[in-house]
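Just below is one structure, and these are the notes that go with it.
Read-outs throughout are calculated quantities, based only on the coordinates presented, and are distinct from any laboratory measurement. Model, not experiment: these values are computed from the prediction. All Cβ positions, glycine included, derive from the backbone under ideal geometry; neighbour counts span all protein chains shown.
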Amino acid sequence: MEKINILTTLVQYLVFPGFLFLAVAGLFVSWADRKLAARMQWRVGPPLLQSWYDIRKLFKKELIIPEGGNTLAFICAPVIALLSIIYAGANLIMILFMQGQIFPGDLFVFLYLLSIPSVCMMLGASASANPYAALGASREMKLILSYELPLLISIIVAALKAHVMSLGLIIQFQMEHLPAIASLSGVLAVAVSMVCIQAKMGMAPFDVSEAETELAGGLFVEYSGPLLAVWKLVKMIAMIVFPLFLVLIFWAGGSLSLVVLKCAGIILIAIIARILSPRVRIDHALTFFWRKVTPWAILALLLAIIGI
Amino acid sequence: MVNAFTQSLFVFHAACSPCNNCDIEILDMLAPRHDVERFGIQLVGSPRHADVLLVSGAVNKKVVHRIKRLYEQTAKPCFVIAVGGCACSEILFRDSYNTCGPLDTILPVDMYIPGCPPKPEAMIAGIVKLMEKLKGKKK
């Protein structure tokens, strides 16, 4: 019995809904992103397997480890980021299937797990002894400071509506009653958190920390070969996990295909926003989040408290 | 192993004292009209990510150490393409006091694309030839 349990857990984290499933879905979403951008620019765009070709090629390239940096942190950062995003993604999908509570307060565990990739990006960039990477790390830090507060407030809105602090119970409450999005404060919170995950996924207009044209790849400037492939996988998987998190928190319920459809809708909006917008400056991003987004989040919280 | 590079190439643009004409044509090649992304060709900002160095210009004394260093910084295997007449043979700068010879005396060049400047179509044809050469290597 014990053996079977361990085996099912392994399969859950490695195949479905863990690493393999999330990676394949991430490759597909990143292809969709590039193809959509190409079609919107009147181009043909890359073939379906392009993201897979890129990853496969990167795994065959040389891995260069910078001499002046911290080797351990440089290698561990992408691996930890990948593990945490897979753990979070796999557990989110399992909650979706089982619709039960994992343990009280698991909402906070997810919030921490989902912010580990950004922290790891900072860690890896700081460990690579490159001025561009250091600039990218400082920008990423400022971005985290700007988007985490409104995101947290808007998630508290959903928790307030359900009167529980556990993701499983929030989903259950929304299945039995109305989803959080079916109210004014819910709509506001969803809008705020969609802006926040745009920055969390590192997509334009908030791709300031990667900034290919001005920072030469920013955070990832020193990464090459397999470790760069791991970073690319982390970003691709993040494009699925964050929208899924939002759907589960604000708009759970309905059949599986409906949940997939809602996720696809959020991803589509994020992609179109990425294609249509130029990169903002980091100080603009900071003032935007603190002066424009956070007040709306607080307004949503106040409305939720008085029950609108 | 080499076959992986025929479907995905990350290109780094290294301008070594060019007159900017080749560079404008390189940018034209990467722009939406020719859409090289459909072949998996992508411009990257860091030599660590690059598979191909597109080198343009007549390499002079100031820049020769930099291009050597850039080649060393690139993750191997990487390929060097000499874009334009200057990089291929130095044309009219051949006997100049400050140039350091054509590119193939400095780096191992895999592909020459002559022209002053070469058209984007010529560059795409050159990269396709490079891909075919890589496929041939595999056999």
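Descriptive notes on the structure:
- Answer residue from the range A:30-47, given it is more than 10 Å from chain B (Cβ to nearest Cβ) and within 21 Å of residue A:241 (Cα to Cα) and is surrounded by the fewest Cβ atoms within 10 Å (Cβ to Cβ) among those: A:36
- Residue check: residue A:262 meets all listed conditions (1) buried (at least 23 other Cβ atoms within 10 Å of the Cβ); (2) away from chain B (no Cβ under 12 Å) but one, namely (1).
- Residue in the range A:43-65 that is of a type in the set (A, V, I, L, M), closer than 22 Å to residue A:116 by Cα and out of contact with any strand residue (DSSP E or B) (no Cβ under 7 Å at 6 or more places or on another chain) present: no
- Check on residue A:257, exposed (fewer than 14 other Cβ atoms within 10 Å of the Cβ) and among the polar types (S, T, N, Q): yes
- In the range A:198-233, of all residues being among the β-branched types (Val, Ile, Thr) and surrounded by fewer than 24 Cβ atoms within 10 Å (Cβ to Cβ), the one that is farthest from the other protein chains (Cβ to nearest Cβ) corresponds to A:230.
- Count of the range A:189-201 residues which are free of Cβ contacts under 8 Å to residues at least 60 places away in the same chain and not hydroxyl-bearing (Ser, Thr, Tyr): 0
- So residue A:61, is it within 12 Å of chain B (Cβ to nearest Cβ), in contact (Cβ under 8 Å) with a residue 12 or more places away in the chain, crowded, with 21+ Cβ neighbours inside 10 Å and under 18 Å from residue A:229 (Cβ atoms): yes
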